[in-house]
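The values are calculated or read from the model by the stated rules, or taken from the named source; none is laboratory data. Given the structure is predicted, the values throughout are model-derived calculations rather than measurements. Cβ atoms come from the backbone with ideal geometry, glycine included; neighbour counts cover every protein chain shown.
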Amino acid sequence: MRLDKFICKSTELTRSEAKKLLKSGEVRVNGEVAKNPAMQVHENNSIDIDGQFLTARQSRYFMLHKVTDTICSNVDEVYPSVLHFLEVDKAFDLHIAGRLDADTTGLVLITDDGRWSHNVISPKKDCQKVYRVWLRNPITVEKSAELIEKFAQGIQLQGESSLTKPAVLTLVTDTDVDNEVLLTITEGKYHQVKRMFAAIGNRVIGLHREQIGEIKLDDLAPGEWRPLTDKEVNLFTS
Ligand code: URA
């Protein structure tokens, strides 16, 4: 972790106050004065401010049921950040592990543990994300086997050099036509679900993320949040 971030995590200082402190030469790492805010430090480094040794606060982990017209960003844009929903200290020091579009609802994981969010997001980790998708054009039973196979083989998205990784398409009802499906993917390319359906000539009209790995959006109402349990956190600790 960066030294300025470590100082923020272990004191009440803001990032700019931490940088000022570093400039003043009062911070030492393993006994040596450290002035570079970007210096990488670990929990086993001993870091002190004028002889007062610092211990980083425990990392924090939350789930939130995102509503539409909010964004997964640390800055507000046309829509406000989802971080406004979290009634916790220094919510904007946290980050979102896997963004959703402004018009997408559902499960969002929020933390300040970069290694943990990497395990959630990195395509190399093969973490499954389950989306409930509402489509403009219903999928007919006759067409479904072919489409399921196509998603399993990988879809060629516009502007991408390789196919998407194998995805699992599941029809939700047993009716003749189905415009509500579940899609499980292990990547998080820009607008991936919408682009996958666009590539087969359909259009997503509603999108909701239900699950990330084994973590399910349980009965949280839209806009509600809760801390993750230790068991949930440990699913992505490596
Ligand atoms: N895929 C999309 O197209 N949008 C999202 O918000 C998430 C996945």
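Can you tell me which of A91, A97 is among the small types (G, A, S), within 16 Å of the ligand (Cβ to nearest atom), closer than 19 Å to T70 by Cα and not assigned by TED's automatic domain parsing to the domain that holds T173? Let's see the steps before the verdict.
Numbers: A91 fails: within 16 Å of the ligand (Cβ to nearest atom).
After ruling out the rest, the residue left standing is A97.
Being surrounded by 14 or more Cβ atoms within 10 Å (Cβ to Cβ), of a type in the set (A, V, I, L, M) and within 23 Å of the chain's Cα centre (by Cα) is a property that A198 lacks.
If I go through region 150-165 residue by residue, how many of them are farther than 20 Å from E180 by Cβ and without any contact (Cβ under 8 Å) to a residue 24 or more places away in the chain? Matching residues across region 150-165 total 6.
Residues in region 27-64 that are of a type in the set (K, R) and assigned to a strand (DSSP E or B): R28 only. When I47, I71 are checked against the criterion of being more than 30 Å from N30 (Cβ to Cβ), surrounded by 16 or more Cβ atoms within 10 Å (Cβ to Cβ) and either in contact (Cβ under 8 Å) with a residue 12 or more places away in the chain or within 16 Å of the ligand (Cβ to nearest atom) (or both), I71 stands alone in meeting it. Only residues that are touching a helix residue (DSSP H, G or I) at 6+ places or on another chain (Cβ under 8 Å) and among the charged types (D, E, K, R) were counted across region 117-147, and they come to 1. Go through (1) out of contact with any strand residue (DSSP E or B) (no Cβ under 6 Å at 6 or more places or on another chain); (2) within 20 Å of E210 (Cβ to Cβ) and name the single condition I139 misses. The single condition I139 does not satisfy is (1). For region 93-107, indicate whether the set of residues that are of a type in the set (A, V, I, L, M, F, W, C), modelled with pLDDT of 95 or more and more than 17 Å from V233 (Cβ to Cβ) is non-empty. Among the residues of region 93-107, at least one is of a type in the set (A, V, I, L, M, F, W, C), modelled with pLDDT of 95 or more and more than 17 Å from V233 (Cβ to Cβ), which makes the answer yes.
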